[in-house]
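Here the structure is laid out as structure tokens; the discussion comes afterwards.
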Amino acid sequence: SCPFVRILAVGMAGPSPQRGGGGPPTPPRGRGGVSRVSSSLLRPTVGAQFSKQLVTLRERVERTTPHYIRCLKTNDDILPNTFRPNVIVDQLRSGGVLEAVRVSRVGYPQRYPHGDFVGRYRCLAARTVDDARKLRRKNVCELLVRTLVRRFLSEPSATGSPRGGSDSGDGLLSVGVQIGQSKVFLQRRAFTKLEDARSALMERAAVRIQATVRAFQCRTEYEIALASIIVMQCSIRRMLACRYVLAVRVHRSAERIQATFRRFSAETWFDATVFVARWVQKLYRGRGARILF
């Protein structure tokens, strides 16, 4: 209906046939039968440039993942560091953000590809996933989903049997889970239960890992301290033993010196005594002999 859009569509579709003849337009011929094309026809028109840029922009947008940012004013006075919740809520309500969030929560806000879903929630049913991979089964994601539904998402009924844990699609729909061709869709309640179970499991695993690491650190510190104490004890005992051996050697050397000195003193005293005795005996005998003869 818009003339400008119609012109753009005609330009993007290509050159239109010549009116009246029904056939292709006949280019003007010059001398020697050579066709001449006007330079104005070879130039790209503004509409053609716009359509080319529009196609390029559309291809670029399709290759990327656009994110829309909505700016909100924190207060009507445009003051820094001033946050008024009523103003923010009014803007969110007027912009339809709250309604969009509500609609998203009613539907399936959480959507995971099969590989991402298995990678995120594999810890809740690791044995099932490992058995399926050992058997080379292709429906690993479906088996994981049904196992998680039976374990965490099924609610016991009045008769005591789990409700919502059947293998039919209605059973998955009743607990807020749907399996698509390439993605797994989760409602808010199902996502909350799975995240709570995953968080509890990760918390227990973190506590166990922390306990193991702390035990390893304490054991390592104890072994290092024990080895250091043993080395210190060995060094101190070696030092004490060296001191004891040195004292024993000094004592033995002192005893040997004392014995040698005492022996020398005794021998000297004995020799002097023998000499004096012999000298006195010689004088006495000489005197007696002189008196006698």
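Coordinate-derived values only; no laboratory data. As the structure is a prediction and not an experimental result, all values here were calculated from the model.
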Hey, how many Å between the Cα centroid of segment 234-293 and the Cα centroid of segment 59-76? 113
Can you list the residues, at least 5 places off or on another chain, whose amide H is less than 5 Å from the amide H of Val184, using H built in the peptide plane? Tyr112, His114
What are the ³J(HN,Hα) values, in whole Hz, obtained from phi via the Karplus relation 6.51 cos²θ - 1.76 cosθ + 1.60 with θ = phi - 60°, for each residue of segment 88-101 in sequence order, with x given for Gly and Pro? 5, 5, 4, 5, 5, 5, 5, x, x, 5, 4, 5, 5, 5
Calculate, in nm to one decimal, what Ser94 and Tyr284 gain on full extension: separation in residues at 0.36 nm each, minus their alpha carbon distance. 53.2 nm
